[in-house]
Amino acid sequence: MAQITVQPATLRWAVSQSGHDVEAIASRPGLTQLPQWLQAKRPISLSFTKISDLSKALQIPFGRLVRTSVPPTHEDELVKFRTLNNNAAPLSKSLEDIIAKMRIRQTWAHDEMMSLGLGTNTFVGSLHNTRSAKEIAQSIIQALQLPERWTFGKSDRKRFNFLREMLSNVGIMTMVDSEVAKNEKLDIQEFRAFTLLDDIAPLIFINRNDSDKAMLFSLLHELTHIFLGAEELFNATEAEFDISDQERLINQTVMEIILGDSDFRKEWLKESKTKSSRIEVAETFSSHYGLSALSFLIKAKQEGLASERDIEAEYTQLAQVPPKRTTKNDGGNQNITNSFHLDSRFVSLVEQGINSNSISYTDGFSLLGLKSERAYDGLLAAKGMNDGTTIPA
């Protein structure tokens, strides 16, 4: 049987690029020695069959596995022109890895949805030429069929979950996580969210290390980017200090989506009668609508109801206090945590693929970031999908 020399460094690169779990791949017949191949210090000889099997398992072309050197890494278009505090910033390994992981999921979802005969998502870029925040907001509200005052009577977490499910219903996937791998936390100072455009499977990723209020703002912000047809790596806050005209338009759109048909001025003046400061009024709005008090102070300033000093005072206070995370709703049970991290439409798509044999259990688990059938069953139960639920056309 023909033997081919393979470089361990090239294999390590291929596994990293694939996003697959080493243990899951090694569980396949003929690939049980994968961990040893990856740890080898010298070139190793493998049969053509083994390399072919590894190529299929990793979904990496055969030719790349037998290269004598690691292929050069090309910078992702999403981060090519990114800045941090308005300065050119190096890309962290964690951010690079999470973008690559999400692109793998998106590419698979795109291909799978095409094979199912699902058409393009008409919302992507549909408002490209619109420059009115109110018009953009109304179009998004209608597209998602958001009910009036949809934020009222809900906790911050429930508002976020409600919105992401509405997005999932119209084919916009939302993924959430706090780390790309164990002990590799995602830094909110580097990014809070990003959008990966696609005409069939648009995807939003939210950094879980932010507060629930901030995640809601980021989700609405990235959603607006999808309707405008622009990918983005979001690393700012709600404050409008030194931002572009497009970002200002998007921030204003977020507020319009949140307020809906509410009369902001009338509500603000009413609350002002019983509150001792503008910041207290803003905090009341924050509790009703789910965004930060800072967001509503900015809106109030635009309406002539608050000053720049109010905004600066709140912004300074926020900068001194790290964002609070609420972990008890997604951190006490691994099935619930997995459910929170993954988009419902994506999970349902993987489930259908497994049931129809268009994807193996091993590959499906890898796409979902799971390691066992028990974890998979627990995820489906947490999502309420263990009853034969399928994704909508």
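The values are calculated or read from the model by the stated rules, or taken from the named source; none is laboratory data. These figures come from a predicted structure and were not determined experimentally. Backbone-built Cβ (ideal geometry, glycine too); neighbour counts: all protein chains shown. Just the protein is used for accessible areas: all its heavy atoms, side chains included, with ligands, DNA and RNA removed. Shrake-Rupley method; radii C 1.70, N 1.55, O 1.52, S 1.80 Å.
Helix 212-228 against the longest principal axis of the chain: what's the angle in degrees, Cα atoms only, rounded to the nearest 10? That helix lies at roughly 80 degrees to the long axis. Annotation: Thr32 carries an accessible surface of approximately 90 Å², with a 1.4 Å probe and no ligand, DNA or RNA atoms counted. For the pair Phe62 and Lys185, how long in nm is the line joining their label points, each one 7 Å along Cα→Cβ? Modelled inter-label distance: 4.6 nm.
Residues Glu256, Glu312, Glu231, ordered by accessible area of protein heavy atoms at a 1.4 angstrom probe radius and largest first, appear as Glu312, Glu231, Glu256. Could you give the length gained on full extension between Asn169 and Gln334, defined as 0.36 nm per residue of separation minus the Cα-Cα distance, in nm? So the extension gain works out to 57.0 nm. Modelled spin-label separation between Asp263 and Ala375, with each label point placed 7 Å from Cα along the Cα-to-Cβ direction: 5.4 nm. With a 1.4 Å probe rolled over the protein heavy atoms of all chains, the accessible area of Arg278, Arg345 falls in the order Arg278, Arg345, largest first.
Gyration tensor over the Cα atoms of the chain: the corresponding equivalent ellipsoid has semi-axes (square roots of 5 times the eigenvalues, largest first) of 43, 22, 19 Å. Taking all protein chains together and rolling a 1.4 Å probe, His341 ends up with roughly 40 Å² accessible.
Rolling a 1.4 Å probe across all protein chains gives Arg64 an accessible area of roughly 120 Å².
Computed on protein heavy atoms with a 1.4 Å probe, the accessible areas place Lys275, Lys182, Lys93, Lys270 in the order Lys182, Lys270, Lys93, Lys275, largest first. Each residue of segment 26-41 is assigned a 3J(HN,Hα), and the resulting list reads 5, 7, 7, x, x, 10, 5, 8, 3, x, 5, 4, 5, 8, 4, 8 Hz, derived from the Karplus form 6.51 cos²θ - 1.76 cosθ + 1.60 (θ = phi - 60°), x at Gly and Pro. Which one of Leu203, Leu318, Leu163 has the biggest mean-square fluctuation once the chain is modelled by GNM with Cα springs under 10 Å? Highest fluctuation among the options: Leu318. Based on C-alpha pairs under 8 angstrom that are at least 6 apart in sequence, the chain has a relative contact order of 16 percent. Annotation: amide H of Ala193 within the under-5 Å range of Asn207, Phe234, sequence separation 5 or more or interchain, hydrogens built in the peptide plane.
Using the Cβ-Cβ distance between Gln145 and Arg103 with R0 = 25 Å, the FRET efficiency computed as 1/(1 + (r/R0)^6) comes to roughly 0.30. How far, in degrees from 0 to 90, does helix 245-259 lean away from the longest principal axis of the Cα atoms of the chain, to the nearest 10? Helix 245-259 sits roughly 70 degrees off the main axis of the chain.
Cα centroids of segment 280-312 and segment 128-192: 20 Å apart. Here the spin labels are modelled as points 7 Å beyond Cα on the Cα-Cβ line, and at Ser155 and Ser272 they lie 3.4 nm apart. The Arg28 and Glu312 beta-carbon pair, evaluated with R₀ = 56 Å, returns a calculated FRET efficiency of approximately 0.45. Relative to the longest principal axis of the Cα atoms of the chain, the long axis of helix 308-320 lies at roughly 40 degrees.
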